[in-house]
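Worksheet: one structure, shown below.
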Amino acid sequence: MKVAVIGAHGQLGKDICEAFVSNGDEVVELDIERKDNQWIDIADRDSVSKALKRCSDCDLVINTAAMHNVEACEDDPEKAFQVNGVGSINLSLTCNEIDKPLLHISTDYVFDGKKQKPYDESDKPLPLNVYGNTKLSGEHFIESRAKKYFILRVSGIYGKNPCLAKGGRNFVDLMLKLAQEREEVRVVDDEVLTPTFTEDIAAQIVKLAHTGEARYGLYHCTAESWCSWYEFAKEIFTLAKSDVTLNKAAPGEFAVKVNRPRYSVLENKFLKDQKLNIMPPWQDGLKRYLKIKYNI
Ligand SMILES: NC(=O)c1ccc[n+]([C@@H]2O[C@H](COP(=O)([O-])OP(=O)(O)OC[C@H]3O[C@@H](n4cnc5c(N)ncnc54)[C@H](OP(=O)(O)O)[C@@H]3O)[C@@H](O)[C@H]2O)c1
């Protein structure tokens, strides 16, 4: 199989490339950072058309690229819509032209979090912020325009490659750094999510891509089970054998500029219905991450 990966230099994109290569597949890496003919800007129709037509012998186009710094999206909604919304139309139309399926990454932030029970693919989204709204518009554009598509909503991702849009350090790395620097670390306990190791998403995507009968459509794709950020930090410090004091932050202790869902747990129902779900519990992903990155 040959796949084109857009956002190939990003946190998730790099792991997806590695997973396909390890599986014996061929990968074309596309990214906005590149200066050569693997350059792509998904917000620009002409660039998408040129880049994808150059690799029209690929079996699948995967898009991980997005504007996903939540504060930056709030500050510049037009740019966020251009990348996350219009970018999805550009990809859909070009994939139709070259007759290839599009696999697109979306987010748990399409929900408002009020359900307080895991969301499955049939639940109605209601985003709370510009980022979530623009990602949801991207989903709608793909659903209405692309002939063959997979949309995968992921949540709380962290990986061994830096996420540059968020300053290059993920939550696990931040906790370990703070544990070195401070005697006490305080973390919010009123936001519940499913932290997901990017290698697990990459493995699930390889499986989906290689399952000929996988149905096109919208998928939730996160690790199993859930925790608050505080519980996530607790597990990190336990596994790292850190003796830092961890306490729950008081409500409102950390000022937030942008509204976020306080509960964004996703249920991988569509994957499970088709017996394709290989996502492990979040604790397993964390153990492997700490082993790979810190040899803990
Ligand atoms: N991070 C999370 O916690 C999280 C949670 C839920 C969903 N998601 C979704 O997961 C996906 C992957 O996130 P990630 O953490 O891997 O992001 P990332 O590390 O920022 O990677 C995204 C890559 O896409 C590139 N890119 C940005 N704008 C582009 C454009 N207009 N055209 C082409 N390439 C562009 C980026 O290049 P530059 O670095 O040069 O901009 C970067 O290499 C995104 O769709 C995001 O919405 C993320």
Requested in this report: Please figure out what share of the DSSP beta bridges in the chain is antiparallel and state it in percent, rounded to the nearest 5.
Outcome: 5
Report task. Tell me the label-point distance for the pair L164, R34, using the 7 Å Cα-to-Cβ offset, in nm and rounded to one decimal. Result -> 1.4
Query raised in the report: Taking only Cα atoms, what is the 0 to 90° angle, nearest 10, from helix 130-145's long axis to the longest principal axis of the chain?
Result: 30
Report summary line: Taking only the Cα positions of the chain, the convex hull volume per residue in Å³ is 126
**Report entry** Label-point separation in nm, S49 to T238, each point 7 Å along Cα→Cβ
**Finding:** 5.5
Query raised in the report: Taking only C-alpha pairs under 8 Å that are 6+ residues apart, what is the relative contact order of segment 40-181 in percent?
Result: 27
Query raised in the report: segment 63-181: D in µm²/s via Stokes-Einstein (Kirkwood Rh, Cα pairs, 4 °C, 1.567 mPa s)?
Result: 84
Query raised in the report: Please identify the chymotrypsin sites (Phe, Trp or Tyr not before Pro) of segment 187-287 that satisfy two criteria: DSSP loop assignment and at most 10 other Cβ atoms within 10 Å. Which are they?
Result: F254
Query - For a label point 7 Å along the Cα-to-beta-carbon line of L174, residues of segment 237-274 with backbone N under 16 Å - result: 237, 247-250, 252-262
**Report entry** Rounded to 10°, Cα long-axis angle of helix 282-294 versus longest principal axis of the chain
**Finding:** 90
Report summary line: Fewest to most Cβ atoms within 10 Å: D200, D273 sort as D273, D200
Report task. Measure off 7 Å from each Cα along the Cα-to-Cβ vector at K275 and R288, then give the distance between these two points in nanometres to one decimal. Result -> 2.2
Requested in this report: Could you calculate the contour length gain from E183 to D57, that is, 0.36 nm times the residue separation minus the distance between their Cα atoms, to one decimal place in nm?
Outcome: 39.8 nm
**Report entry** Rounded tilt (10° steps) of 198-210 against the dominant C-alpha axis of the chain
**Finding:** 30
Report task. Evaluate E = 1/(1 + (r/R0)^6) for N295 and S22, where r is the Cβ-Cβ distance and R0 equals 22 Å; express this FRET efficiency to the nearest 0.05. Result -> 0.60
**Report entry** Largest-first principal axis extents of the Cα set of segment 62-121 (Å)
**Finding:** 41, 30, 13
Requested in this report: Please report, in debye to the nearest 20, how large the charge dipole of the chain is about its Cα centre when each Lys and Arg carries +1 at its beta carbon and each Asp and Glu carries -1 there.
Outcome: 260
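Just to confirm the filter: which GluC sites (Glu not before Pro) across segment 154-205 are DSSP coil and have at most 16 other Cβ within 10 angstrom of their Cβ?
Values: sites: E181, E183, E184, E191, E199; in loops: E183, E191.
Of the GluC sites (Glu not before Pro), the ones in loops of segment 154-205 whose Cβ has at most 16 other Cβ atoms within 10 Å are E183.
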Query - Computed over the chain: relative contact order in percent, which uses C-alpha pairs under 8 Å that are six or more apart - result: 20
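Please tell me which of these pairs span more than 31 angstrom C-alpha to C-alpha: K14/K177; K114/K248; K100/K272; K147/K287; K2/K241?
Working: K14/K177 24 Å; K114/K248 22 Å; K100/K272 25 Å; K147/K287 39 Å; K2/K241 42 Å.
Beyond 31 Å between Cα atoms: K147/K287; K2/K241.
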Query - At most 13 other Cβ within 10 Å, DSSP loop - GluC sites (Glu not before Pro), segment 220-292 - result: E253
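None of the figures in this text is laboratory data; all of them are computed from the coordinates on show. Note that the coordinates shown come from a computational prediction; the quantities given were computed from them, not determined experimentally. Neighbour counts are summed over all protein chains in view; Cβ atoms, including those assigned to glycine, are modelled from backbone coordinates with ideal geometry.
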